[in-house]
Amino acid sequence: MTQARGENFEVQRETILSSAAELFALRGYHGTSMNDVADACRLSKATLYHYYVDKSELLGNIAERHVSALVQLCEIVKNDSAISPTARLETLISRFLTEYAEAQNFHRVLTEDVRFLPRRARDRILDKERHVVQAFADAVGFVRPDVKRAELEKPIAMLLFGMLNWMFTWLRPKGRLTHASVAPLVCDLFLNGLNGLTALPVKRERRPAIRSAAAK
């Protein structure tokens, strides 16, 4: 009996997270109350607080669940030694767009609402996001070692995320295009652009900071 009760508890937590993510994505974090979440889940407010202590905890769990799934994807692709550098980058792009399609509300909350978290929770999410960016930067560097030598792999990875992360602002869920159909376009567009790069900005030398007399 105890095990079944525990399983039901986790199922209910996931149901609450999904409902809250949908409401946050639709109305915004500040436009959604705990009463709204309770109503969407057909729970009393007291029961909702049994699962999550406040709205901030809900937000943190939504963001962390989604970004943790992205980190796991990066590790799976990274550990596949049988694929070429180009195939690794293509796989990352395709797998991420698949994850985004299956978790659109979670992704929207991650990209738009993390700034509302308390600093410690926000920093934990941002650390995982940096891990994801680094995985893409490493993949870019394997395709173009000269880009890595110029220390441009991370800025270029961020340009790629500009395409991936904000697709929800224009790609309609029931439109003609889907995440799956757009993935090959993104791969082709990005990889052809990456392979066609010829004029890399010159790396600027970092100058040591000048200390004032008062600081000596």
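Among the protein heavy atoms of the chain, carbon and sulfur supply 54% of the accessible surface, probe 1.4 Å, non-protein parts ignored.
Per residue, the convex hull spanned by the Cα atoms of the range 1-118 measures out at 130 cubic angstrom.
When only Cα pairs below 8 angstrom with a gap of at least 6 residues are kept, the chain shows a relative contact order of 20 percent. Computed from backbone phi, the HN-Hα couplings of the range 129-138 come to 5, 5, 4, 5, 4, 5, 4, 5, 4, 4 Hz, rounded to whole numbers (Karplus: 6.51 cos²θ - 1.76 cosθ + 1.60, θ = phi - 60°; Gly and Pro given as x). Rounded to the nearest 0.05, the FRET efficiency derived from the C-beta distance between Ser84 and Arg122 at R0 = 41 Å is 0.65. Taking semi-axes √(5λ) of the Cα gyration tensor in Å as calculated from this structure, the corresponding entry among (i) 26, 22, 17; (ii) 32, 22, 17; (iii) 37, 24, 17 is (iii).
Rolling a 1.4 angstrom probe over the protein heavy atoms with all chains in place gives the range 1-61 an accessible area of 59 Å² per residue.
The Rg/Rh ratio for the range 57-150 is 1.03, where Rg is the radius of gyration of the alpha carbons and Rh is the Kirkwood radius.
Taking N as the number of residues in the range 30-74, what is its alpha-carbon radius of gyration divided by 2.2 N^0.38 Å? Working it through for the range 30-74, the quotient is 1.36. In this simple spin-label approximation, Arg95 and Leu197 carry label points 7 Å from Cα along the Cα→Cβ vector, and these lie 2.2 nm apart.
The values are calculated or read from the model by the stated rules, or taken from the named source; none is laboratory data. Nothing here was measured: the structure is a model prediction, and the numbers come from that model. So basically every Cβ, Gly included, is an ideal-geometry build from the backbone, and we count neighbours across all protein chains shown. Please note that ligands, DNA and RNA were not included when accessible areas were found on the heavy atoms of the full protein model with its side chains. Shrake-Rupley method; radii C 1.70, N 1.55, O 1.52, S 1.80 Å.
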